[in-house]
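Just so it is clear, none of the values below were taken in a lab; they were calculated from the coordinates. Nothing here was measured: the structure is a model prediction, and the numbers come from that model. Reconstructed Cβ throughout: ideal geometry from the backbone, glycine too, with neighbour counts over all protein chains shown.
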């Protein structure tokens, strides 16, 4: 059974750092509402929470992985300590999502949010040809008046 993209109400991500020889630990968890056309951007609800990693030991094996994550993905500085315990951050996320359908990119992300008890789909299952943010056309960011745009791919009666 496939889920229509219109049913997705939130998108989410989690960035992990690696500690104690390959144990992944969330460093940052973020979610944002999906807005339908016509709803102004300033109405979007979003949450981004950082997870306190105090007490986690970063071994030599973990450092190269974390360096790449910090530089290319999370942009969190070395030594950054998050604001919330893992449990507090995850409770905030669960309360924020409630019973809404969440889309994430990647199986590991899907498994993580499912473990929290959330209803999750992989983004590629609802939007198989999803372009990267940087490749989106300008129309996405500055939509024209939708009523003025003629319908595409219509079949005319003969």
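Taking the centroid of alpha carbons for each part, segment 102-129 and segment 12-48 are 12 Å apart. Judged by the mean number of other Cβ atoms found within 10 Å, the most tightly packed of the peptides 25-34, 74-83 leads the ranking 25-34, 74-83. Taking 0.36 nm per residue of separation and subtracting the current Cα-Cα distance, fully stretching the chain between residue 65 and residue 21 would add 14.8 nm. Which shape class applies to segment 53-133: rounded if a/c is under 1.5, otherwise prolate when a/b exceeds b/c and oblate if not, where a ≥ b ≥ c are the square roots of the Cα gyration tensor eigenvalues? Judged from the Cα gyration tensor, segment 53-133 comes out oblate (a/c at least 1.5, b/c at or above a/b). In plain terms, the residue of 54, 85 with the fewest other Cβ atoms within 10 Å comes first and the most crowded comes last, giving 54, 85.
The mean sequence distance of close C-alpha pairs (under 8 Å, at least 6 residues apart), as a share of the length of segment 5-140, puts its relative contact order at 25 percent.
With no solvent and one point on each alpha carbon, what is the Debye value of log10 I(q)/I(0) for segment 5-140 at q = 0.10 Å⁻¹? The calculated log intensity ratios at q = 0.10 Å⁻¹ are -0.37.
Measuring r between the beta carbons of residue 105 and residue 41 and using R0 = 22 Å, the FRET efficiency lands at 0.55.
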